[in-house]
Every structure is written in structure tokens, then in C-alpha cells.
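Chemist: If you scroll down you'll find the structure; I have some questions about it.
Computed from the coordinates by the stated procedures, all read-outs in this text should not be read as laboratory data. Note that the structure is predicted; figures quoted are calculated from it, not measured. Methodologically, a virtual Cβ is constructed for each residue, glycine included, from the backbone with ideal geometry; neighbour enumeration extends over all protein chains shown.
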Amino acid sequence: MVLDKVAIRINFVCNYKITDYVKIHTEIDDYEKQIRILLQLALREYVGKYRLDEILENKEQMSQVCLARLKEKETEYFVSFSDAGVKDIILPGEIRSIMNTVLIAEKKAQANVITRREEVASTRSLLNTAKLMDENQMLYKLKELEYLEKICENVGSISVNGGTDLLSQLTHILKGS
């Protein structure tokens, strides 16, 4: 059980080589079980000192600490440990569900921050463009012509009803007067 009282299951593997076959069979009852218990105690000691988040973040550290603990006992158990490591950490169902909810909330918050950042950048760009056009009438006219060009690309023909006001305005823009 971790420091914040969550029960977890850890799949841990280790590789070892027997250094004295005679002594391991004559002096240790069920040496595999004894090694398993030694490893369980090392894991419990480590896990009991940390919170769940810290354990999930530091699986490599847990592996190193447990391997060091196993190596301390090599002569007593007549083996040589070559490596050891966390294979899986299995969380209870309700904790896994909570962790998934937290992950979704974090990702939504990150997406929201990115969206807001892009909106601010876009608004800042529009403000800079507006300032430039306010300071330079030629840029303003170019922008008007650009929009007129976009309108003309999408419209096949223009029909004006009720006078020549629209036509005179377009002529005025095109002449630049």
C-alpha cells in the first residue's frame, strides 16, 4: 500500500544466476519462494514511502532500489542478480477511472490554453493590421481592393437595383479617389 493508502499491484521481474547449487538446495528451503518474499519485502518498503503519483513517475528508481536491495542478499541466497525491473503497475478500478478523468481534464485544459493563446495571437495580429491601415491610407485601399477581388471571384455577375449608389462606390474604390 502506498503512502496515500492506495493498494496497488506490481508485476516485477528479476534475473539471477545460482552461484552455489549445492548450498542453495541444502541450506535454503524453496529458494525461489524465499527470493520472491525478499523481493516483495523490498517492494513494500519502497512503495510505503511514496505517494501514488511519485511511484508512477519513478518506476525506474523503484527498479534500481529493489535491485540494490536484492544484491545486498546475494551471498545469503547463493545467487547473483543481473537485473530487475517493474513490468507493470496495476491500479484498482476506481483509481484507474479517477486517473483517466484527471488525464482527460488535463488534456482539455491544455487544449483550452492553446486555443486561448491562438485567439490572443490572432487578435493581436488584427490589431496590428488595423493600426497599420489607420496610419497608412494606401494600405487601407489595398485591403479594400483585396476584399473586392475576393467578392468578385465568388460572384458571377452583380445586379444593382434602385440606383447607381453601389456602382459609384465600386468605381470610387477602383479609381482610388
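Chemist: Excluding Glu149 itself, what net charge comes from residues whose Cβ is under 13 Å from its Cβ, given Lys and Arg +1 and Asp and Glu -1?
Modeler: Net of charged neighbours comes to 0.
Chemist: List the residue ranges in the chain for DSSP H helices whose C-alpha atoms run 27 angstrom or more along the long axis and whose Kyte-Doolittle average is -0.5 or above.
Modeler: The answer, listed by residue number, is 93-135.
Chemist: I want the local charge near Glu57. Using Cβ-Cβ distances under 15 Å, sum +1 for each Lys or Arg and -1 for each Asp or Glu among the other residues.
Modeler: -2
Chemist: Taking every eigenvalue of the Cα gyration tensor of segment 95-138, multiplying by 5 and rooting it, what semi-axes result, largest first, whole Å?
Modeler: 42, 4, 4
Chemist: For segment 43-100, what is the largest minus smallest coordinate of the Cα atoms on each principal axis, given in angstrom and ordered from greatest to least?
Modeler: Cα spread of segment 43-100 along its principal axes, largest to smallest: 44, 20, 15 Å.
Chemist: Based only on Cα atoms, what mean projected area does the convex hull of the chain have, in nm²?
Modeler: For the chain, averaging the hull's shadow over all directions gives 21.5 nm².
Chemist: Using the structure shown, list the pairs from Lys87/Lys107; Lys23/Lys49; Lys108/Lys143; Lys59/Lys107; Lys5/Lys108; Lys49/Lys73 with a Cα-Cα distance above 30 Å, or answer none.
Modeler: Result: Lys23/Lys49; Lys108/Lys143 exceed 30 Å.
Chemist: Order by neighbour count: Leu145, Leu43, fewest other Cβ atoms within 10 Å first, most last.
Modeler: Lowest count first: Leu145, Leu43.
Chemist: Go ahead and run the numbers for FRET between Tyr147 and Ala105, Cβ-Cβ distance against an R0 of 35 Å, rounding to 0.05.
Modeler: For Tyr147 and Ala105, the calculated efficiency is 0.25.
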